[in-house]
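Heads up, the thing below is written out as structure tokens.
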Amino acid sequence: MLAYTRDDVPDYQMAAFCMAVFFRGLSDAETFALTDAMVRSGETIDLRSQLGRTVVDKHSTGGVGDKTSVAVGPIVAACGVPMGKMSGRGLGHTGGTLDKLEAIPGFRIELSHEEFVRIVRDVGCAIIGQTGDLVPADKKLYALRDVTATVDQLSLIASSIMSKKIAGGADAIVLDVKVGDGAFMKTLDDARALARTMIEIGRRAGREVVCELTDMDQPLGRAVGNALEVREAVATVRGEGPPDFTELVLASCAHLLALSDLGIDRAEGRRRAEAAVADGSAHAAYERWIRAQGGDPSEDALEQAPVVVEVPAPASGWVARAGAIAIGRAALHLGAGRRTKEDDVDHAVGIVCLAKRGDRVEQGSPLAEVHARSEESARVAVDEVLAAYELADEEPPTRAIILETLTAAG
Ligand code: URA
């Protein structure tokens, strides 16, 4: 990996390696060896010794409407546990946390190493872009996988994600593995296999890993689109978020607090996270964090799209489906995401899913809201959103947001 990073191993040889792994897979020991080699390809950060604390981190494999880190960071910080996180940008129909944070006017995602550590120490939360020196092998390998159709391989995905978490200095990691049509992992079995592989890498690297398998058949929460998602994350930090997103945020906080050095269990972690939301300390932590990174935390500062139109239900019935990938693509076409790495993101646009699976709607009542730059792009998005919804005569079975939780113990 080091030789590949230094250009001593040519792309054609590494492409052959990726293709071999794609078809043959890797054992647990080989997957760990690959992860370890990727970690060693660049600098590593030892936040633990710089802060004198156990450092926790969370990571999601990516989905539509996933703004969990923006809400979890300040809640955990308000409970006295530092979270210093490096995030990525989105590509395709899943937006990245950095794009969402950049919807906040003034927010700086590039901080020096010293500033990052100082903000995590003084404020309890900082989220920045991954520096070029951290796991450079992954950056190069991911680009190669992308053009050789070898992204979608369990050991390659697991080593890519875990190398960045390990190099970033986290002692304990909560991983959110999304399952469903809007996720990398389409089935629960595939998600379980990825989760087990990442837990095993963590065990071999001496890091504690908890994996939540969560539903990505429909968007998480209601908002899809950068400024809209920040608004929803802030509402959730104030206790006014949608039920599925609130549940995932509080459950993730409970895991993180239980894995921290507070010496509490998950039930106490949940109680403290709920209390921080209820007494306003989580919102105060959000404002401190955003200001510390140069941003304006007031909601009025977030850009609003000039055109907002409702998507009316074509008939009365129960929402049987609000397809994640179709809604994600509609948001992408509005400009909320990027098709190529060079594309700019329009922070104001997106979709708010007012009705979700299991909701009863009457004909003409709003299924969703489209936030667009122009009347024309809004019209296209309305049709796309309508096609993403499926209405049924009967109430569909309920499905919890958290499908399973896996730990090293089983
Ligand atoms: N996310 C990553 O960071 N790497 C992968 O390979 C897939 C998802």
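Of note:
- For the stretch 60-167, applying the loop criterion from DSSP together with a ceiling of 16 other beta carbons within 10 Å to the GluC sites (Glu not before Pro) yields Glu110.
- Qualifying trypsin sites (Lys or Arg not before Pro) in the stretch 318-349, DSSP loop, other Cβ atoms within 10 Å at most 12: Arg339, Lys341
- Helical runs (DSSP H, four residues minimum) scored at -39500 (n - 2.57) apiece and divided by the length of the chain put the mean residue ellipticity at 222 nm at -14000 deg cm²/dmol.
- Percent accessible area from carbon and sulfur atoms, the chain, protein chains only, probe 1.4 Å: 49 percent
- Between the stretch 125-175 and the stretch 16-57, the alpha-carbon center distance in angstrom: 8 Å
- Over all other residues within a Cβ to Cβ distance under 13 Å of Asp279, the charged ones net out to +2, with Lys and Arg as +1 and Asp and Glu as -1.
- A Förster radius of 25 Å combined with the Cβ-Cβ distance from Ala193 to Glu394 puts the calculated FRET efficiency at roughly 0.15.
- Net charge contributed by nearby residues that have their C-beta within less than 14 Å of Val234 (K/R +1, D/E -1): 0
- Entry note, the stretch 163-224: relative contact order of 44 percent, from Cα contacts under 8 Å with a spacing of 6+ residues.
- Candidates Gly225, Gly169, Gly42: whichever shows maximal mean-square fluctuation once the chain is modelled as a Gaussian network with Cα springs under 10 Å: Gly42
- Where labels lie 7 Å past Cα in the beta-carbon direction, separation of Val308 and Thr340 in nm: 3.4 nm
- Using every pair of distinct Cα positions in the stretch 220-377, the Kirkwood expression returns a hydrodynamic radius of 17.5 angstrom.
- Rounded to the nearest 10 degrees, the angle from helix 266-278 to the longest Cα principal axis of the chain is 50 degrees.
- When only Cα pairs below 8 angstrom with a gap of at least 6 residues are kept, the stretch 79-165 shows a relative contact order of 29 percent.
- Rounded to the nearest 10 degrees, the angle from helix 11-24 to the longest Cα principal axis of the chain is 70 degrees.
- Charge dipole of the stretch 97-245 (Cα centre as origin; +1 on each Lys and Arg Cβ, -1 on each Asp and Glu Cβ, all else neutral): 360 debye, rounded to the nearest 20.
- Neighbour net charge for Val345 - beta-carbon separation under 9 angstrom, K R +1, D E -1: -3
- Reduced Cα scattering model of the stretch 1-81, Debye log10 I(q)/I(0), q = 0.20, 0.27 Å⁻¹: -1.04, -1.25
- With 18 Å as the limit, the listed pairs Lys186/Lys356; Lys67/Lys139; Lys58/Lys356; Lys139/Lys164; Lys100/Lys140 have Lys186/Lys356; Lys67/Lys139; Lys58/Lys356; Lys100/Lys140 beyond it between alpha carbons.
- On Cα atoms only, tilt of 154-167 relative to the major axis of the chain in degrees: 70 degrees
- The stretch 227-340, relative contact order [Cα under 8 Å, separation at least 6], %: 20 percent
The values are calculated or read from the model by the stated rules, or taken from the named source; none is laboratory data. From a predicted model like this one, the values you see are computed outputs, not experimental measurements. FYI the Cβ positions are ideal-geometry reconstructions off the backbone, even for glycines, and counts take in every protein chain you see. Heavy atoms of the whole protein, side chains included, go into the accessibility calculation; ligands, DNA and RNA do not. Shrake-Rupley method; radii C 1.70, N 1.55, O 1.52, S 1.80 Å.
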